[in-house]
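A short reminder: the numbers here are calculations on the coordinates, not readings from a lab. Everything numeric in this text was worked out from a predicted model, so none of it was measured. Here the Cβ is made from the backbone with ideal geometry for all residues, glycine too, and neighbour counts use every protein chain on show.
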Protein chains: 2
Amino acid sequence: MIDLQKIIEGLNQSIPQLSIDCVIFGFHNQELKVLLSKLPAIDLWAVQGGFIRKTEDIDQAAARILEERTGLKGIFLEQFHAFGKASRPSIAFLKEAFKSISDSVAIESIPFLTQRFISIGYYSLVDFLQVKPVPSVSYERSEWFDIQKLPTLGLDHAEMIEKALKTLQHSLDYALIGFNLMPETFTMSELQKLYETILGETTSRNNFQRKMLDMDILERLEKKFTGGAHKAPYLYRFKRYNEHKQPIF
Amino acid sequence: MIDLQKIIEGLNQSIPQLSIDCVIFGFHNQELKVLLSKLPAIDLWAVQGGFIRKTEDIDQAAARILEERTGLKGIFLEQFHAFGKASRPSIAFLKEAFKSISDSVAIESIPFLTQRFISIGYYSLVDFLQVKPVPSVSYERSEWFDIQKLPTLGLDHAEMIEKALKTLQHSLDYALIGFNLMPETFTMSELQKLYETILGETTSRNNFQRKMLDMDILERLEKKFTGGAHKAPYLYRFKRYNEHKQPIF
DNA sequence: CAAACATTGTCTAAATTTGAGACAATAATA
DNA sequence: TATTATTGTCTCAAATTTAGACAATGTTTG
């Protein structure tokens, strides 16, 4: 249920013409996924957005939004780019969405939504299975989408996701990405799938294994008996107590 | 001469609580330098800041500010980070500076300067010798500073320069950096000094030379007779018509 | 005018990293 | 027990990086 009064209050406590958008990545079923929310009454999806309270750090605002939508805190979250084209669509369409929900909306009581917005983009890496998607007050529902099969996105969010992925690919830190996107334990080939999906290229199995083991960031655990007609793979876990294991922020 | 009326007009046409700061890098006398401006009446220096007009892209705003302060356009300029700590000092001190210049300032007529600001940081690479520093309307004068010997900086500009340098180091593209920071022609050892200064580490001369030549981004020109008691080095120039030579934006 | 000097351009061998193929080990199935 | 699919590891070759060596060459010095 959408609570317009709450939305308006939030806007009034926020910095005008500035928003935050979080591109939340997860990994499941060998697919890289993004958590999107659907606008009410309009067939458009968006990454997790919100506003910056007047007394809040922008990093705090991003962490708050992430927690509101996933229930998770203390996980990897990093700013990657600010989007501010003059032609950037305003988020005035939100008014239409609200109106379709509640006839009694006094459009003029919603502050500065028709003005041009500049948005600061963050991306986050989360453990897919630990997330319980919660749409924000102004959205209908949240869902994960395979990054290869995105729905129609509002604003410039397609470009935003593209840029977040580029940042992820470029700043490729194996320990950081694996630690944050994988579940607690995993097999080597599952880990390889993750990197191949993100980078969009394949590696030979033997050399990948050597590279990961040489990095000395993995602990080998017991074997995993999958029931397949073949040798059982070992499970691995990212080592604790190394520089990458610390709470990221 | 500071023209307060102009400043106030500019502020009224700009997006509130949002600014742009450009960290402008140059290279001269084997030193990496940053172009700073000094506040009037206060012993504080700052990188080149400005505001975003309501109808302007943020990239355009950064390019405009760069051109205003250096006379240069069409050169390398890239966004690297948005700064938005809640504790970020406001730029209210500008009022004091203005007041010390002009007794007749009605402080209240200067819009939103006492509020908390969020700033989008850009960095630029320029040919030192082509720059004619021009302080902005609200500053006293501009000067180049060796990045190792910075004066006292206002706001969080020390952190900003630090982060811009880190970005430069991390996204090290030899052709891009050399092309933008070096003069038209240079010797191989001059080029090596540039990279060593930026990265803060030394390379062996022979291997550096091979690496640069193997990249196939340099043209060898005539020799340069410096008058030193040794073999004269060749001059080089970055090749035109390769992917890096195109106007950067 | 020849020797000394400082720096440059290039070559080579060794060390390290990366790429590709091979093969034994092993859990489930036929 | 043989077959099958995958896994863990080894090895050799290729490519890249590191380190050292040395001849070439303007200028200065004796």
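Considering only alpha-carbon pairs that sit under 8 angstrom and 6 or more positions apart, the relative contact order computed for chain B is 24 percent. Got the residue B:8 label distances to the other copies yet, label 7 Å along Cα→Cβ, in nm, shortest first? Reported distances to equivalent positions: 3.4 nm. Annotation: amide H of residue B:138 has no partner in the under-5 Å range at sequence separation 5 or more or interchain, hydrogens built in the peptide plane. Amide H contacts of residue A:121: A:21, A:80, A:81, A:82, A:83, each under 5 Å away and 5 or more positions distant or on a separate chain (H built 1.01 Å from N in the peptide plane; Pro and chain starts excluded). A simple rule links phi to the HN-Hα coupling: the Karplus curve 6.51 cos²θ - 1.76 cosθ + 1.60 with θ = phi - 60°, which for segment A:34-41 gives 10, 8, 10, 10, 9, 5, x, 6 Hz, with x for Gly and Pro. Helix content alone sets the calculated 222 nm mean residue ellipticity of the protein assembly as shown: runs of n ≥ 4 DSSP H residues at -39500 (n - 2.57) each, divided across all residues, give -9000 deg cm²/dmol. Between residue A:31 and residue A:199, the distance separating the two model label sites (each 7 Å from Cα on the Cα→Cβ line) works out to 2.4 nm. Over segment B:1-77, what is the relative contact order in percent, taking alpha-carbon pairs closer than 8 angstrom and at least six residues apart? The normalised contact order for segment B:1-77 reaches 28 percent. For residue B:28, the residues 5 or more places off, or on other chains, whose built amide H falls under 5 Å of its own are B:33. Using a 7 Å projection from Cα along Cα-to-Cβ, the label point at residue A:227 is separated from the same position in the remaining copies by 8.5 nm, smallest value first.
Among the listed pairs B:73/B:223; A:54/B:149; A:38/A:149; A:163/A:211; B:166/B:211; A:149/A:239, those whose Cα-Cα separation exceeds 25 Å are B:73/B:223; A:54/B:149; A:163/A:211; A:149/A:239. Applying the Karplus relation 6.51 cos²θ - 1.76 cosθ + 1.60 with θ = phi - 60° to segment A:230-237 yields 3J(HN,Hα) values of 6, 3, 7, x, 6, 8, 10, 9 Hz, where x marks Gly and Pro. Projecting the Cα positions of B:204, B:167, B:227 onto the charge dipole of segment B:149-236 (unit charges on Cβ atoms of Lys, Arg, Asp and Glu, taken about the Cα centre) puts B:227 furthest along the positive direction. Across the identical copies, the 7 Å label point of residue B:53, projected outward along Cα→Cβ, sits 3.7 nm from its counterparts, in ascending order.
Our estimate of slack between residue B:226 and residue B:171, defined as 0.36 nm per intervening residue step minus the Cα-Cα distance, is 16.5 nm. Modelled spin-label separation between residue A:60 and residue B:54, with each label point placed 7 Å from Cα along the Cα-to-Cβ direction: 3.1 nm. A simple charge model with +1 on the Cβ of Lys and Arg, -1 on the Cβ of Asp and Glu and nothing else charged puts the dipole of the protein assembly as shown at about 960 debye relative to its Cα centre.
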